Amino acid sequence: MKNILITGSSGFIGYHLSLLFLKKGFRVYGIDDMSDGYDVKLKQWRLKELKKNKYFIFAKTNIASEKSLENYFLKNFRRNKIETIVNLAAGTGVRKSTLFPNSYYQSNLIGTLNLIKLSRKYAVKSFVQASTSSVYGDSKEKSFKIDSETSKPDSIYASSKKAAEVLLHSYHSLYGQNICILRFFTVYGPCGRPDMAPFIFTQAAINNKTINVFGTGRQKRDFTYIDDIVDGIYKSTKLKGLNYLNLGNNRPVSINNLISIISNLSCKKIKRINKPSTPEDVFYTSADISKTKKIINWKPKTNLEEGIRKTYNWHIDNIKWLKKIRVS
C-alpha cells in the first residue's frame with residue numbers, strides 16, 4: 001500500500017482529496033492545525049467523516065512549526081516510505097490576509113519551506129504545491145496563461161503564494177526534486193468554505209438571509225468544481241521535474257449569474273446589499289488550461305449549473321447542522 005501525506009486534510013480541498021486517495025487504495029496521512037480561519041465546526045465534520053476509514057491517519061500539526069513537523073516525520077516516516085506530499089495547508093482568503101499578514105507568511109511560505117526540506121530528507125518522489133489564480137493579479141488578459149505576469153499580486157495572500165512558488169523553483173534547481181505547482185481557480189462544491197460566495201449564497205437562499213455583494217456583481221470568476229480539482233491533483237502527482245499548471249474551468253461566470261443560478265434552484269429571490277469592492281478583489285479570472293490538457297490529459301467535466309446543483313443538494317441534506325456554521 002502506498003503512503004501519501006496531505007497537509008490541510010480537514011480543509012475543503014484536503015477533505016475531498018483524502019477521500020479520493022483512500023478510494024484509490026492509498027494509506028493517507030493527514031495533518032491539519034485545525035485553525036479557526038473559518039468556522040472550525042466544518043473542519044471537525046470533515047475530519048470525523050475521514051476517520052471512518054481505517055487507512056486515514058490524522059495528526060494535529062502546524063506545518064509552520066519546524067520542530068513539530070520534524071518530530072511528526074520521524075515518528076511516521078522513518079520506517080514507512082512516503083511517496084507523495086500534497087501541500088494544501090495554507091492561510092486562505094484575500095481579504096483576511098490584509099489583516100493577518102504574518103500568519104499568512106508563516107503558513108504559506110515558512111510552512112512550505114519546512115515541508116520541502118523534509119521532502120528532500122525523506123526522498124519523497126513527488127511534491128505537489130497548491131497555489132492560486134490570485135498570483136496573476138488583476139490581469140487584463142482574456143485567459144491567464146502559465147507564463148503570464150505573476151510578479152505583481154494584489155493581496156498579501158497572493159504574494160505569500162507567489163513567494164512559495166519561487167522558493168520551490170529554487171529547490172528544484174538546486175536538488176532536482178519533482179515538484180508540481182498547481183494554480184487553482186475559485187474552487188467550489190459540497191462541504192466548501194463558508195467564507196466563499198457559493199457557500200454563503202446557498203445558505204442565504206435556504207435560510208432567507210441577506211447577502212453582501214462587493215462591487216457590482218458583474219465581476220467574473222472561473223468557478224471550478226471540487227471533483228475536477230482533485231482529479232487534476234491526483235494526475236499531477238505522477239509528473240517528473242518542475243511543472244506549473246492551471247486547474248480551472250475556463251468558463252468565467254459573473255457573480256450576478258451565480259446568484260441567479262442559486263435563486264432558481266431554491267425558487268427564492270436572494271436579498272442583497274451592494275457594497276464597495278475591496279483593493280484585494282480582482283475583476284476577472286480565467287484559466288488557460290491548454291498546457292494542463294497536454295501534460296496530464298486533464299480537463300474539467302462539471303459545468304457550473306451541475307456543480308451548484310450538487311452543492312445545493314448537499315446543503316439541503318445537511319441543513320440542520322449547517323445552520324450553526326458561521327459564514328463570513
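Each value in this text was obtained by applying a stated rule to the coordinates, not by laboratory testing. Given the structure is predicted, the values throughout are model-derived calculations rather than measurements. Every residue, glycine as well, gets a Cβ built from its backbone with ideal geometry; the counts of neighbours run over all protein chains shown.
General remarks:
- Segment 153-196: C-alpha gyration tensor shape, a/c 1.5 cut-off, then a/b vs b/c: oblate
- Between E70 and T216, the simple label model (points 7 Å from Cα in the Cβ direction) yields a spacing of 5.5 nm.
- Under the Karplus curve 6.51 cos²θ - 1.76 cosθ + 1.60, θ = phi - 60°, whole-Hz ³J(HN,Hα) for segment 289-298, x wherever Gly or Pro sits: 10, 4, 5, 4, 4, 6, 6, 10, 6, 10
- 3J(HN,Hα) couplings calculated from phi for segment 94-103 with the Karplus curve 6.51 cos²θ - 1.76 cosθ + 1.60 (θ = phi - 60°) are, in sequence order, 6, 6, 5, 5, 5, 7, 10, x, 4, 5 Hz; Gly and Pro show x.
- The distance between label points at L99 and M34 comes to 2.3 nm (points 7 Å beyond Cα on the Cα→Cβ vector).
- For segment 203-269, alpha-carbon Rg over 2.2 N^0.38 Å: 1.52
- Here the translational diffusion coefficient of segment 136-238 follows from Stokes-Einstein with Rh set to the Kirkwood radius across Cα pairs; for 10 °C and 1.306 mPa s it amounts to 96 µm²/s.
- Shape summary of segment 173-215, radius of gyration then Dmax from alpha carbon positions: 17.5, 55 Å.
- Proxy reagent accessibility, fewest Cβ within 10 Å first, across D154, D281: D281, D154
- For the chain, convex hull volume per residue from C-alpha positions, Å³: 121
- Measuring nothing but alpha carbons in segment 1-115 and taking Rh as the Kirkwood radius, the Rg to Rh ratio lands at 0.96.
- Helix-only mean residue ellipticity at 222 nm for the chain, each DSSP H run of n ≥ 4 adding -39500 (n - 2.57), per residue, nearest 500: -12500 deg cm²/dmol
- Unsatisfied cross-links (Cα-Cα over 29 Å) in the set K48/K152; K269/K324; K52/K209; K117/K235: K48/K152; K52/K209
- Whole-Hz ³J(HN,Hα) from phi, Karplus 6.51 cos²θ - 1.76 cosθ + 1.60, for segment 198-211, glycine and proline x: x, 5, 4, 5, 5, 5, 5, 5, 5, 9, 6, 9, 8, 10
- For S131, distant residues with modelled amide H under 5 Å away: L182, R183, F184
- Violating pairs (Cα-Cα greater than 23 angstrom) within the set K240/K293; K24/K145; K96/K220: K24/K145
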